[in-house]
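In what follows, a structure is listed as structure tokens, so that the remarks can point back to it.
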Amino acid sequence: MRIGILGAGDMAQGLGAHWVKAGHEVKLSHRDESAEAAAFGDVILVAVPAEAVPEVLGATDLAGKVLIDCTNAIIPGEWTVRTSMARRVAELAPEAKVVKAFNLCHESVWKRQYPHKLVPICGDDPSAINLVKRLVADIGCTPAEAGPLSRAEVLEAAAAFVIGLSVAGFDPRAAVDM
Ligand SMILES: NC(=O)c1ccc[n+]([C@@H]2O[C@H](COP(=O)([O-])OP(=O)(O)OC[C@H]3O[C@@H](n4cnc5c(N)ncnc54)[C@H](OP(=O)(O)O)[C@@H]3O)[C@@H](O)[C@H]2O)c1
């Protein structure tokens, strides 16, 4: 598969390296290279800061593409969110098939040789969800279908909450059990 990544930072490098190892063709992009990465990929990962998303998506043609959104618009100090980035991405790229994934773990997780994580996925398009499930499995992780794209808001709030716990010196993994 050809994967275009909007961004060349920590998330782009971590996930991109795993997908290369799995045999995919991957193109990362710095801030002036978004259009090339978008044209290159059949599937696109949005991995830029939340505040850069409108500008980056405005510079790309994403019609018909599967768009994986890993962005979080977390308010530092409050450790909450006021905007669903997945909804925002879907509004900015209405002809793309948006799937939320990879927003819940710190970027360092994707730089491990074997991340072994459960990756919740929210989306509305069954074929796009199946494709992202395959990309999750390709990096040695387990995909978890977690409902429609509207539920991504909860997933993004969960990221804000666990980051807040972590910043306060607690291990969020110790707080979850069933
Ligand atoms: N870091 C984490 O642990 C983590 C975890 C989960 C989700 N996320 C989300 O993933 C996204 C990417 O995070 P990251 O940690 O990979 O970020 P990062 O390391 O800071 O990299 C950001 C990338 O975005 C590019 N970019 C494009 N337009 C930009 C602009 N106007 N301003 C700033 N950068 C711009 C940068 O381009 P240049 O290369 O030209 O600088 C850079 O390649 C964020 O939305 C974040 O919320 C991050």
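The values are calculated or read from the model by the stated rules, or taken from the named source; none is laboratory data. Keep in mind that what you see is a predicted model, and the values were worked out from it rather than measured. Don't worry about glycine lacking a Cβ; one is built from the backbone with ideal geometry, like all the others, and counts go over all protein chains shown. We work out accessible area using only protein heavy atoms, side chains counted, and drop any ligands, DNA or RNA first. Shrake-Rupley method; radii C 1.70, N 1.55, O 1.52, S 1.80 Å.
Worth pointing out:
- With respect to the conditions (1) assigned to a helix (DSSP H, G or I); (2) in contact (Cβ under 8 Å) with a residue 24 or more places away in the chain, residue 52 lacks only one, and its number is (2).
- Looking only at segment 134-160, and only at residues there that are more than 21 Å from residue 89 (Cβ to Cβ) and in contact (Cβ under 8 Å) with a residue 40 or more places away in the chain, the one that is least open to solvent (accessible area, probe 1.4 Å): 139
- Among residues of segment 6-25 being hydrophobic (A, V, I, L, M, F, W, C) and closer than 15 Å to residue 131 by Cβ, the one that is nearest to the ligand (Cβ to nearest atom) is 15.
- Pair list, Cβ < 6 Å and 6+ apart or interchain, from segment 114-133 residues that are farther than 20 Å from residue 4 by Cβ to residues that are small (Gly, Ala, Ser) and open to solvent by less than 60 Å² (accessible area, probe 1.4 Å): 114/140; 118/144; 120/144; 120/146; 122/146; 122/147; 122/152
- Restricting attention to segment 60-114, the residues that are closer than 24 Å to residue 40 by Cβ and open to solvent by less than 70 Å² (accessible area, probe 1.4 Å) add up to 26.
- Total residues in segment 26-75, condition touching a strand residue (DSSP E or B) at 6+ places or on another chain (Cβ under 8 Å), near the ligand (Cβ under 8 Å from one of its atoms) and charged (D, E, K, R): 0
- Filter result (out of contact with any helix residue (DSSP H, G or I) (no Cβ under 6 Å at 6 or more places or on another chain), within 18 Å of residue 110 (Cα to Cα) and buried (at least 19 other Cβ atoms within 10 Å of the Cβ)) within segment 1-43: 7, 12, 16, 18, 19
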